[in-house]
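Data block below; observations after.
The values are calculated or read from the model by the stated rules, or taken from the named source; none is laboratory data. Keep in mind that this is a model prediction, so the values were computed, not measured. So basically every Cβ, Gly included, is an ideal-geometry build from the backbone, and we count neighbours across all protein chains shown. Areas reflect the complete protein model, heavy atoms only, side chains present, ligands, DNA and RNA absent. Shrake-Rupley method; radii C 1.70, N 1.55, O 1.52, S 1.80 Å.
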Amino acid sequence: MRSFVIRRLALTMLDGVHRKGQMLSEPMSFPETLSDIDRARALFLAKTTLRQRGRIDHVLDSLIDRRPHPAGFNVLRLATAEIHGLGAIPELVVDQAIRLIKELDRTRHLAGFANAVLRKAAGKTGSGIWSTAQPSRLPEWIGSPVAEALGEEVRRRIEAAHELAPPLDLTPVNASAAERMQAESGAILLPSGSLRLSGRARVSELPGFGSGSWWVQDVAAAIPVKLLGQLSGLDVLDLCAAPGGKTMQCSAGGANVTALDVSDRRLGRLRENLRRTGLKASIECGDALDWEPGRRFDVVIVDAPCTATGTIRRNPDLPLVKAEGGEDVRKLELLQRSLLHRAASFTRNGGRILYSVCSLFPSEGELLVNEVAANMGLNVIPVDCRQFGLEPEWQSANGGIWTRPDHLPDMGGMDGFYSVVLHRP
Ligand SMILES: C[S@@+](CC[C@H](N)C(=O)[O-])C[C@H]1O[C@@H](n2cnc3c(N)ncnc32)[C@H](O)[C@@H]1O
């Protein structure tokens, strides 16, 4: 019964994405009460289905003449994901899929159809099609700028990387916390200093959670602050701070941090993380475009709101829900430009600005930075990759760092992230 309700919730999530254009992170109504573990399981099923949608749809479309109605097709997708993507026992999965179909459509016809399709999908024919099928293509608004900047082959590699669930990365508070985590949880230490756990784990049950020895942060998201080097005693302003990964890195490095964000709800998570880790920051809620600090800082960080196209491994609903780039991307770029101007005006002469975005688009990263830097007389401080355990090929043409989901392919990949340090003369 429990596993059936979990699948029913996964299906509600898939319907929300496909039929209502709802992100998985948005609240959705589901009448049954489920534990956090069961909700997490449903989310995992929905995300696996979305990550492997290209392959799944190819298998199903090869086996049927016409798709049933969208909710029925989502049941078939979910079952195919479980069978081929997760290696679940086909008999059990098919049985539950038929029950879900019967709830949606009481005619025997659809149940009989689904049964026949799924048995074929689970059998030799389906396995053969699955093994030669291609990963989901990125929609053109994402795929075209990526291919234009990096080439068609890299676009394909990024699409392949999007099929895999990301590992869990943690940023340790200090070196001894990193050593303890390696010893107690089998985490591996990545060259840039993040800890990586493969397999699924409940974050709150990992050793060191209660004592605040680490926080969750993708290895790529942890790189930007590392580029600043020693932070001890510096006055740092984090202009787009919540939920606080970069604020906590700066605080752990000994900086005096002011953390600003426009969203009080998101700042709540920063407060909670600071409480758990015992780290300190002065928190301000406000819009960076009209907020006045009344002083200048040694370092200003702009981890700007962006298309988040570098995080599709984590958010496989993004390419489906945010179906149009155009106007939205341009609005974000305007905001990023304004935030960067603002950051420069809050930086003392001789100080530094750290700009980053979790985007695959040069128009939000390198191109935007080059334009603003030229307008404002800022200079890029080129990254010395070896100093920070970074691969030299991650260096962008203007001296920043640009990681991609197809990087670290044998270790579980990483998010797409652009970051650069600028000097204000
Ligand atoms: C990419 S997230 C920041 C992530 C954060 N730096 C971290 O490492 O955890 C971007 C943040 O910018 C905030 N934001 C967007 N527009 C803003 C504005 N005008 N002023 C201040 N914060 C803003 C959003 O609320 C969001 O929390």
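Assign one of three labels to the range 218-423, namely rounded, prolate or oblate, based on the Cα gyration tensor with a ≥ b ≥ c the square roots of its eigenvalues; rounded applies when a/c is under 1.5, prolate when it is not and a/b is larger than b/c, and oblate otherwise. It comes out rounded by the Cα gyration axes. Within the accessible surface of the range 2-132, defined with a 1.4 Å probe on protein heavy atoms only, the carbon and sulfur portion equals 52 percent. Around the amide H of D218, modelled in the peptide plane, lies no amide H under 5 Å away from a residue 5 or more places distant or on another chain. Under a 5 Å amide H cut-off, with hydrogens placed 1.01 Å from N, G351 pairs with R424 among residues at least 5 apart or on other chains.
Across the range 176-217, the residues whose backbone nitrogen lies under 19 Å from the label position 7 Å along the beta-carbon direction of D36 are 200-217. The residues of the chain have, on average, 44 Å² of accessible surface per residue, using a 1.4 Å probe with all protein chains present. Using the alpha-carbon centroid of each, what span in Å lies between the range 99-157 and the range 356-397? Cα centroid to Cα centroid, the span is 36 Å. Cross-link partners of K226 among lysines, defined as those whose alpha carbon lies under 27 angstrom from its own and excluding same-chain residues fewer than eight positions apart: K246, K280. How about the range 271-343: which GluC sites (Glu not before Pro) there lie in a loop by DSSP and see at most 14 other Cβ atoms within 10 Å? Passing both the DSSP loop test and the Cβ count: E324.
Evaluate the relative contact order of the range 2-132 (contact order divided by residue number), counting alpha-carbon pairs under 8 angstrom at least 6 apart; express in whole percent.
Numbers: 117 pairs, mean separation 32.4, N = 131.
About 25 percent, as a whole number.
Could you work out the local net charge near R424, counting Lys and Arg as +1, Asp and Glu as -1, over the other residues with Cβ closer than 13 Å to its Cβ? It would help to have the intermediate numbers written out before the result.
On the way: positive: R296, R342, R348, R352; negative: D298.
Local net charge: +3.
Computed from label points 7 Å out along Cα-Cβ, the spacing between E327 and N375 is 2.3 nm. Taking amide H positions as modeled 1.01 Å from N, with prolines and chain starts lacking one, the residues under 5 Å from L234 and 5 or more places away or on another chain are N256.
In terms of its alpha-carbon gyration tensor, the chain comes out prolate; a/c meets the 1.5 threshold, and the first ratio a/b outweighs b/c. Considering only beta bridges that DSSP places wholly inside the range 218-423, some 40 percent are antiparallel.
Just want to confirm a number: the relative contact order over the chain, from Cα pairs under 8 angstrom separated by 6+ residues, in percent.
Working: 739 pairs, mean separation 59.3, N = 425.
For the chain, the relative contact order is 14 percent.
A crude spin-label estimate for the pair S204 and E179, with each label 7 Å from Cα along the Cβ direction, gives 3.1 nm. Taking the longest Cα principal axis of the chain as reference, the axis of helix 140-150 is set at about 50 degrees. Projecting label points 7 angstrom from Cα along Cα→Cβ for C385 and L335 puts them 3.2 nm apart.
Compute the length gained on full extension between D410 and H109: take 0.36 nm times their separation in residues and subtract their Cα-Cα distance, giving the result in nm to one decimal. Before the final figure, lay out each step's value.
Values: separation 301, 0.36 × 301 = 108.36 nm, distance 4.55 nm.
The span from D410 to H109 would gain 103.8 nm if fully extended.
Restricting the range 161-234 to chymotrypsin sites (Phe, Trp or Tyr not before Pro) that sit in a DSSP loop and have at most 13 other Cβ atoms within 10 Å of their own Cβ leaves nothing. Within straight-line reach of K331, meaning a Cα separation under 18 Å, sit the following lysines at least 8 residues removed in sequence or on another chain: K322.
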